[in-house]
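One structure below.
The values are calculated or read from the model by the stated rules, or taken from the named source; none is laboratory data. As the structure is a computational prediction, the values presented were derived from the model and not from experiment. Don't worry about glycine lacking a Cβ; one is built from the backbone with ideal geometry, like all the others, and counts go over all protein chains shown. Side chains included, ligands, DNA and RNA excluded: accessible areas come from the protein's heavy atoms. Shrake-Rupley method; radii C 1.70, N 1.55, O 1.52, S 1.80 Å.
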Amino acid sequence: MFIDSHCHLDFPEFSSRLPEVLANMKAARVSHALCVSVDIPDFPNVLKLAQENVNLYASVGVHPDYEDTPEPTEEFLVSTAYANPKIVAIGETGLDYYRMGDRSYESMEWQRDRFRTHIRAALKAKKPLIIHTRSASADTIQIMKEEGADAIGGVMHCFTESYEVAKKAMDLGFYISFSGIVTFKSAKDLQETCIKIPLERMLIETDSPYLAPIPYRGKTNEPAWVSKVGEFIADLKDVPIIKLAEQTSNNFYQCFQINRAI
């Protein structure tokens, strides 16, 4: 069985077809999925999905790309995580300089402050972090070190950086998660990085509704298709698909401190 370690089932793309999406998961042997929060206004929908579906989990956090949105406080993140047992992580959080355009580095301080807030909340709540980094890996790793993120760990989600960045994150106790991007023909460098990552430190995800893997590229992604990510990586690393599925699922439970599958 596979596990989708990162998806967004609360997004509008799924509003009218959730029963179908859940049935597709079962048919594709995807046992569980983690529904990841991106802002506070939509968080109740994320939590509701996890509470109403035994095989779904939730996180709480605000994505670095969401600028004009209520800012999370440590208190909110910690108290929310404590109050809801289906919340297994803080995030997604991190840094994203990809769309900063002509804005200055200094003008992005709000992102760095928000990232620090999430790390401090994760440490207090004793919940692992889901970290997003794009065009900002040096600052991401530096802030993780400065704030002591190694004490709680978590996952570098939808990883697209170099092996050197992955190694620094793994040295801090983080898992590396691969999405459908790794299946793209243009992703040769990422595929080489994937080969080097030990199975014991790897997760797989869809980031649905985005980044559908080959052969579904361009379509609305869904958790069932994490199986295609797993199949591709198993072939890439020349390991049995059963071994990859079992190891990445075990890694999921360990990363998110879940004692056993429900």
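Go through segment 90-116 and count every residue that is open to solvent by less than 30 Å² (accessible area, probe 1.4 Å) and among the acidic types (D, E).
Adding up the residues that qualify gives 2.
Which one of D39, D4 is closer than 24 Å to K228 by Cβ and either under 17 Å from the mean Cα position of the chain (by Cα) or not in a loop (DSSP other than H, G, I, E, B) (or both)?
D4
Test S249 against the stated conditions and say whether it is in contact with an Asp or Glu (Cβ under 9 Å, 6 or more places away or on another chain) and under 30 Å from P85 (Cα atoms).
Details: in contact with an Asp or Glu (Cβ under 9 Å, 6 or more places away or on another chain): no; under 30 Å from P85 (Cα atoms): yes.
For S249, the condition - in contact with an Asp or Glu (Cβ under 9 Å, 6 or more places away or on another chain) and under 30 Å from P85 (Cα atoms) - is not met.
If you go through segment 175-192 one residue at a time, how many are in contact with a Ser or Thr (Cβ under 7 Å, 6 or more places away or on another chain) and open to solvent by 10 Å² or more (accessible area, probe 1.4 Å)?
2
Just a yes or no: is a residue in segment 218-232 touching a Ser or Thr at 6+ places or on another chain (Cβ under 7 Å) and over 21 Å from A23 (Cα atoms)?
Yes, segment 218-232 contains at least one residue that is touching a Ser or Thr at 6+ places or on another chain (Cβ under 7 Å) and over 21 Å from A23 (Cα atoms).
Residue pairs, Cβ under 9 Å, 6 or more apart or interchain, first in segment 239-250 and β-branched (V, I, T), second open to solvent by 70 Å² or more (accessible area, probe 1.4 Å). List them.
Listed by first residue and then by second, the contacts come to I241/E231; I241/D235.
Looking at this structure, is L199 open to solvent by less than 40 Å² (accessible area, probe 1.4 Å) and closer than 15 Å to D235 by Cβ?
So L199 passes the test.
Kindly indicate the residue of segment 46-98 that is assigned to a strand (DSSP E or B) and aliphatic (A, V, I, L, M) and also farthest from H118 (Cα to Cα) among those meeting that condition.
L56
Which one of these does F159 not meet: (1) part of a loop (DSSP other than H, G, I, E, B); (2) open to solvent by less than 30 Å² (accessible area, probe 1.4 Å); (3) in contact with a Lys or Arg (Cβ under 8 Å, 6 or more places away or on another chain); (4) not polar (S, T, N, Q)?
Exception for F159: condition (3).
Just need a number here: residues in segment 179-234 that are of a type outside the set (K, R) and either touching a strand residue (DSSP E or B) at 6+ places or on another chain (Cβ under 6 Å) or outside any loop (DSSP other than H, G, I, E, B) (or both).
So in segment 179-234, the residues of a type outside the set (K, R) come out as 179-184, 186-187, 189-195, 197-200, 202-216, 218, 220-227, 229-234.
Those left that are additionally either touching a strand residue (DSSP E or B) at 6+ places or on another chain (Cβ under 6 Å) or outside any loop (DSSP other than H, G, I, E, B) (or both): 180-183, 189-195, 197, 199-200, 202-208, 221-227, 229-234.
Counting residues in segment 179-234 that are of a type outside the set (K, R) and either touching a strand residue (DSSP E or B) at 6+ places or on another chain (Cβ under 6 Å) or outside any loop (DSSP other than H, G, I, E, B) (or both) gives 34.
Go through segment 58-76 and count every residue that is open to solvent by less than 40 Å² (accessible area, probe 1.4 Å) and more than 17 Å from the chain's Cα centre (by Cα).
Of all residues in segment 58-76, those open to solvent by less than 40 Å² (accessible area, probe 1.4 Å) come to 58-64, 69, 72.
Now drop any that are not more than 17 Å from the chain's Cα centre (by Cα), which leaves 69, 72.
Counting residues in segment 58-76 that are open to solvent by less than 40 Å² (accessible area, probe 1.4 Å) and more than 17 Å from the chain's Cα centre (by Cα) gives 2.
So, in segment 7-36, exactly how many residues are in a strand (DSSP E or B) and in contact (Cβ under 8 Å) with a residue 40 or more places away in the chain?
Residues in segment 7-36 being in a strand (DSSP E or B) and in contact (Cβ under 8 Å) with a residue 40 or more places away in the chain: 6 in total.
So how many residues does segment 77-89 have that are surrounded by fewer than 24 Cβ atoms within 10 Å (Cβ to Cβ), closer than 24 Å to V54 by Cβ and in contact with a Lys or Arg (Cβ under 6 Å, 6 or more places away or on another chain)?
Final tally of qualifying residues: 1.
Which ones in segment 122-140 are in contact with a helix residue (DSSP H, G or I) (Cβ under 6 Å, 6 or more places away or on another chain), crowded, with 20+ Cβ neighbours inside 10 Å and part of a helix (DSSP H, G or I)?
A125, S137
Determine which member of the set L172, L211 is among the hydrophobic types (A, V, I, L, M, F, W, C), touching a residue at least 24 places away in the same chain (Cβ under 8 Å) and in contact with a Ser or Thr (Cβ under 9 Å, 6 or more places away or on another chain).
L211 is the lone residue from the list that is among the hydrophobic types (A, V, I, L, M, F, W, C), touching a residue at least 24 places away in the same chain (Cβ under 8 Å) and in contact with a Ser or Thr (Cβ under 9 Å, 6 or more places away or on another chain).
Would you mind finding the one in I143, I119 that is surrounded by fewer than 23 Cβ atoms within 10 Å (Cβ to Cβ) and part of a helix (DSSP H, G or I)?
Just a single option satisfies the conditions, and that option is I143.
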